[in-house]
1. Would you mind listing the strands (runs of 3 or more DSSP E) fully within region 1-68 where at least 3 residues are within 21 Å of Pro209 (Cα to Cα)?
2. May I ask you to say which residue of Ala105, Ala110, Ala98, Ala131 is closer than 21 Å to Leu158 by Cα and more than 14 Å from the chain's Cα centre (by Cα)?
3. Could you check how many residues of region 207-237 are surrounded by 18 or more Cβ atoms within 10 Å (Cβ to Cβ), near ligand 1 (Cβ under 10 Å from one of its atoms) and assigned to a strand (DSSP E or B)?
4. Assuming Ser181 fulfils every condition listed in (1) of a type in the set (S, T, N, Q); (2) surrounded by fewer than 16 Cβ atoms within 10 Å (Cβ to Cβ); (3) in contact (Cβ under 8 Å) with a residue 40 or more places away in the chain; (4) not assigned by the TED database to the domain that holds Ala50 apart from one, which condition is it?
5. When region 156-176 is examined, which residues are found to be within 14 Å of ligand 1 (Cβ to nearest atom) and surrounded by fewer than 16 Cβ atoms within 10 Å (Cβ to Cβ)?
6. If we scan region 33-46, do we find a residue that is within 17 Å of Ile100 (Cα to Cα), of a type outside the set (Ser, Thr, Tyr), surrounded by fewer than 15 Cβ atoms within 10 Å (Cβ to Cβ) and free of Cβ contacts under 8 Å to residues at least 40 places away in the same chain?
7. Which residues, counting only those in region 145-199, are modelled with pLDDT under 95 and under 18 Å from Gly227 (Cα atoms)?
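The values are calculated or read from the model by the stated rules, or taken from the named source; none is laboratory data. Quantities reported herein were computed from a predicted structural model and do not represent experimental measurements. When we count neighbours, we look across all protein chains shown, and the Cβ atoms used for this are built from the backbone with ideal geometry, even at glycine.
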Amino acid sequence: MHNPMHSLGLTRSANRRDHLLQTPDTFVRAPLPGMTGGVAIVHTAPVAGAGFTQYTAELEPGGALGPTTVQRFLYVTKGEVVLSTWTEKAALKPGGYAYIPAGQAHSVIASEASSVVVIEKPYTPLAGVDAPALCVGSEAKIATTPLGGDPDLQVGTLLPATPAFDFAVNTMTYNPGAALSMVEIHVMEHGLLMLEGGGIYRLGDQWYPVTAGDFIWMAPYCPQWFGALGKTPAKYLIYKDWNRHPL
Ligand code: UGY
Ligand code: MN
C-alpha cells in the first residue's frame, strides 16, 4: 500500500527562477473550468512566469475539455479524442495533433480513456499576415529533418513553418548518445514533455537526469543542453514562442 512517508520528501522535481522540472511523482490533478469527466495536470502557466499554459488532460471515456477563446494546440499521447468544429470532425490517436485558432468554437471529447497535451496561448497578430486556420495532423505523416546535419538528432515540425503562427511545436528524437551540439541560450521559452527514453538535461547551472513523463519549462535565456542516455532513442515534444519581435 502507498505510504506517503516512503518518498521521505525527496523528488527529482525542481523549481528555479529560470526553469521548472516537474516529475510525475509531484503531479497534482484537478479539473479546469468546463472540463467534464477528466482532470488536468497544469505543467506551467503565467503564474509560474510562462507566456502560455501547458497541461495534460486525462479524460475518461466521454470526458471533454472545457472551452477556450485563445488559440489551442492538442497532442494525443494515449487513447483517442474527437475534435469537432461546425465543419470538421477529426479523431486524434497517439501522435495525432491539432491547432485550433483563437475564437474557433470546438469540442474535444474522449472516445476512450485518453491523455492529451494541451497548450494554450493568446494569439499575437502580425501586421499584414492572416491568422492561421485550423490544422490537423499526425506525427506519423510528417518528415523529420536532422538538426545541424546530425542524422542522430531528428526534428519533426508539427505546425507549418509560416509567420502566421506565433509558436512552434516540434518533436526532437535523439539516438542513444546524441546530444545538442551547443548550450542554447535564447529569447524563446520552452514547454517540454519527455515522451520516450531519457538522458541528462542541463538547465541553468544544474544537470538533471530526465525520463519519459517528465515536464520541463525553460524561461527565456535559460541555458539548456540535452544528451541522450540509454539504449533506446530519447524523444520529447517541445513548444517555443516563435516568429514575433520581442518588443
Ligand atoms: O528549438 C529549440 O530551441 C531546441 N533545440 N531547444 C531544445 O531542445 N532545448
Ligand atoms: Mn531551445
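1. Answer list for region 1-68: 14-16, 19-22.
2. Numbers: Ala105 fails: closer than 21 Å to Leu158 by Cα; Ala110 fails: closer than 21 Å to Leu158 by Cα; Ala98 fails: more than 14 Å from the chain's Cα centre (by Cα).
Residue meeting the stated conditions: Ala131.
3. Total satisfying the criteria: 5.
4. (3)
5. Hits for region 156-176 are Thr157, Ala161.
6. No; the residues of region 33-46 include none that is within 17 Å of Ile100 (Cα to Cα), of a type outside the set (Ser, Thr, Tyr), surrounded by fewer than 15 Cβ atoms within 10 Å (Cβ to Cβ) and free of Cβ contacts under 8 Å to residues at least 40 places away in the same chain.
7. Of everything in region 145-199, those that are modelled with pLDDT under 95 and under 18 Å from Gly227 (Cα atoms) turn out to be Gly148, Gly149.
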